[in-house]
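For reference, the structure discussed in these notes is given below.
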Amino acid sequence: GSIGVSFAPADSTAAADLMRTCDMALYEAKAAGRDRLCYFDATMEAKASQKLGLLSDMRKGLDDGDFRLYYQPQVDIQTAQLSGFEALVRWQHPMRGMVSPLEFITLAEDSGLIVPLGAWVLGQACRDAMQGPSHLRCAVSVSAIQIERADMYATALIALQRSGLSAHRL
């Protein structure tokens, strides 16, 4: 089991705040690999606050169109010919600049925001693929969270129908 520990009055004097600090310590214990004991410290609160701010910015960024797709070529090893592209999502934050996927993908998965983000990626990748040569395929990675929480068949079908992309190219 994982245990989060907080002390009164050093970490808080109010019961609700003490529970919150214990939860932060517990989250750190689980993030460190589970089966651990973790004591609350002030850096956890700053980290949690930063994470909430980033999540809020991510929601706004999705609404404001701050996410972009970049494409990585895929080559057929036998023929050495270009066979398609893989869509890679990137976040151009208006204040922070380019945010690493290492920062935002896990946060999107943990919050469930990966579902609308993933639907946008799929739709945009299909639209972009329609602009390229018809023999090239487009690969889009999906998160296990998307598969668990969304109807991926329906999401893909909608993206294909709206873009006009043939299913064999996705």
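The values are calculated or read from the model by the stated rules, or taken from the named source; none is laboratory data. This one's a predicted model, so the numbers in the text were calculated from it and none came from an experiment. Here Cβ is always computed from backbone atoms with ideal geometry, including for glycine, and neighbour counts include all displayed protein chains. In case anyone asks, the SASA skips ligands and DNA or RNA and just uses the protein heavy atoms, side chains included. Shrake-Rupley method; radii C 1.70, N 1.55, O 1.52, S 1.80 Å.
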**Q.** Lys, Arg +1 and Asp, Glu -1 on Cβ, resulting dipole of the chain about Cα centre, debye, nearest 20
**A.** 480
Q. Ignoring ligands, DNA and RNA, what percent of the 1.4 Å accessible area of segment 1-64 is carbon and sulfur?
A. 57
Q: With a cut-off of 12 Å, note down the residues of segment 2-33 whose backbone N falls inside the zone around a label point 7 Å from the Cα of Lys47 toward its beta carbon.
A: 24-33
Q: Measure off 7 Å from each Cα along the Cα-to-Cβ vector at Glu103 and Ala154, then give the distance between these two points in nanometres to one decimal.
A: 3.4
Q | Per residue accessible area in Å² of segment 89-155, where ligands, DNA and RNA are left out and the probe is 1.4 Å | A | 54
Q: Taking all protein chains together and a probe of 1.4 Å, list Thr155, Thr13, Thr106 from the most accessible to the least accessible.
A: Thr13, Thr106, Thr155
**Q.** Amide H contacts of Ser83 (H built 1.01 Å from N, under 5 Å, at least 5 apart or other chain)
**A.** Gln74, Val75, Asp76
Q. Cα gyration tensor of segment 51-107, axes a ≥ b ≥ c as square roots of the eigenvalues: rounded (a/c below 1.5), prolate (a/b > b/c) or oblate?
A. prolate
Q.
At R0 = 30 Å, how high is the FRET efficiency between Leu55 and Val75 if r is their beta carbon distance? Nearest 0.05 is fine.
A. 0.25
Q) Rounded, prolate or oblate: which one fits the chain, using the alpha carbon gyration tensor with axes a ≥ b ≥ c (rounded when a/c is under 1.5, else prolate when a/b beats b/c, else oblate)? A) prolate
Q. Roughly what % of DSSP beta bridges within the chain run antiparallel, to the nearest 5?
A. 65
Q.
With every protein chain left in place and a probe of 1.4 Å, what is the accessible surface of Ile145, to the nearest 10 Å²?
A. 40
Q: Can you check what the net charge comes to around Lys30, using other residues whose Cβ is under 13 Å from the Cβ of Lys30 (Lys, Arg +1; Asp, Glu -1)?
A: -2
Q: Taking the Cβ of Met19 as the centre, find all other residues whose Cβ is under 14 Å away and add up their charges (Lys, Arg: +1; Asp, Glu: -1).
A: -3
Q. With a ≥ b ≥ c the root eigenvalues of the C-alpha gyration tensor of segment 110-170, is it rounded (a/c under 1.5), prolate (a/b larger than b/c) or oblate?
A. prolate
(Q) How large a share of the accessible area of segment 87-170, in percent, is made up of carbon and sulfur atoms when the probe is 1.4 Å and the other protein chains stay in place? (A) 57
(Q) Using a Cα-Cα cut-off of under 24 Å, which lysines could be cross-linked to Lys30, ignoring same-chain neighbours fewer than 8 residues away? (A) Lys47, Lys51
